Each structure stands twice: as C-alpha cells, then as structure tokens.
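Have a look at the structure below, then the notes.
The values are calculated or read from the model by the stated rules, or taken from the named source; none is laboratory data. All figures in this text were calculated on a predicted structure; none of them were measured in a lab. Virtual Cβ from ideal backbone geometry, glycine too; neighbours counted across all protein chains shown. SASA here: full protein model, heavy atoms, side chains in, ligands and nucleic acids out. Shrake-Rupley method; radii C 1.70, N 1.55, O 1.52, S 1.80 Å.
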Amino acid sequence: MQFIKKMVLGASLVMMTCGLQANEAVKELQQKLQTLSGFSAQFSQKVTDSQGKVVQTTQGQVDIVQPNKFRWQTYEPNENLLVSDGQSVWFFDPFVEQVSIYNYISLVDSNPILLLLQPTSDAWQAYEISKVTDKTYRIKAKSQEQQIDYVDLAFSATDQVTALNIKDRQNQLSEYSFTAFNLRNSSDYAANYFKFAIEDGIEVDDQR
C-alpha cells in the first residue's frame, strides 16, 4: 500500500510540474507576441509530404499588425495572396482569377497561426503550449478535429521571429524561414494595405 501511495504521489507531482511548465510556456509566448505589435519579413517556404519528399518551395513576404491585420503574399510560380483587415479575410489566386472571402472570426478557432495576432484571445484555450527548445514554442491543437496538428514558432535571442513550422493531420510539414525582419505598426502602412481591391474580371466566392 505504501508503494502505491508513493506512485500516486509521484505521478501527481509530475502532473503538477507539467502543468506549471505549460502555464509558464503560455505566459512566455504571449509576452513575446505582445511585444511584437507588428512586423514585416521575407520568407522562404518548403513543404514536405508524409514521406519527407519536398513537394513545393516558394518565396514571399508577410506583414502583421495586431490585432487581426495581416498580409501574406507568395511569389511566382506559386503566387497567391492572403490578406485580412480584421473583419474579412481574402484569399486571391491569380492563376484562376478568383478571390474567396471569409469572416475573420470564423477562422480564428480553426487556425492557430491567427493566435499570433491575438496574444490575449480566449482562442488560446483550445491549444496546448509547450517549449520544444529554449527559443521554440509548440502550439498544439487539443481537438483531433483540427486540420492543423501543431505549429512551432521559433525566436532569435532578440525575440525576432525566425521560423514557423506547420504540421497538418496528413503529416504534411510546411517550414517557413524568415529574414529581413522589421518591427512595424499600423502607421507604417497605407490605409487600404490590409484590404483586397476586387478588380473587374475577378470571380468572387463570398463565404461570409
């Protein structure tokens, strides 16, 4: 009986320690993100399938301004644009000349990347936060119904975002490396920079 008590007590202490570590990881990550009220960066992307085969590489630029504004553009040959003004999200594919429009709120709970725009959002409760390395945090979905399994976010010694890795439920891994990182705020951008202007000839798929 004494042995069983020791095992139960030991397991309880481990669970308490893990809980404290998880809470500390959440606080650390949220604090880092709150200091990044906005930034711009160039990125390179590599996508590998479940067998580790590279299926796509591309380059692009990201601009983020908290809360909820972002512009994520990839260049040719896989050109597309994802942009949000905090209320609507536009995804434009120039190859098919189509733009799909979504409500921003409807995407927050299903995409952990958007947590970067809301460091204090209640949406964080749907994810587990842990530290992979001293400067890398893992944002993992609690629900198995999420299409994205986890996101790894890495910082430099000066708290710049250096890498973003996304693993989906099909074990496809998207790896982003960031360069030319600069802190930004909303005054650095034109008023319509985080909106998409629908020109003549563009097909609209409005899902709001």
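A few points about this structure:
- Residue match in the range 175-189 (condition: open to solvent by 60 Å² or more (accessible area, probe 1.4 Å), of a type outside the set (D, E) and on the phi > 0 side of the Ramachandran plot): yes
- Considering residues of the range 44-99 that are among the basic types (K, R) and open to solvent by 70 Å² or more (accessible area, probe 1.4 Å) only, the residue nearest to K167 (Cα to Cα): K46
- Those residues of the range 20-43 which are open to solvent by less than 80 Å² (accessible area, probe 1.4 Å) and β-branched (V, I, T), in sequence order: V26
- With respect to the conditions (1) at negative phi; (2) surrounded by fewer than 16 Cβ atoms within 10 Å (Cβ to Cβ); (3) in a loop (DSSP other than H, G, I, E, B), D159 falls short on a single one, namely (1).
- When the residues of the range 116-135 are filtered to those that are without any contact (Cβ under 8 Å) to a residue 40 or more places away in the chain and not in a strand (DSSP E or B), the one that is surrounded by the fewest Cβ atoms within 10 Å (Cβ to Cβ) is D134.
- Put simply, of A180, A190 the only residue that is at pLDDT 90 or above, among the small types (G, A, S) and in a loop (DSSP other than H, G, I, E, B) is A190.
- Each residue in the range 140-159 was checked for being free of Cβ contacts under 8 Å to residues at least 60 places away in the same chain, under 25 Å from A41 (Cα atoms) and in contact with a strand residue (DSSP E or B) (Cβ under 8 Å, 6 or more places away or on another chain), and 8 pass.
- Test: residue in the range 200-208 that is surrounded by 14 or more Cβ atoms within 10 Å (Cβ to Cβ) and part of a loop (DSSP other than H, G, I, E, B): yes
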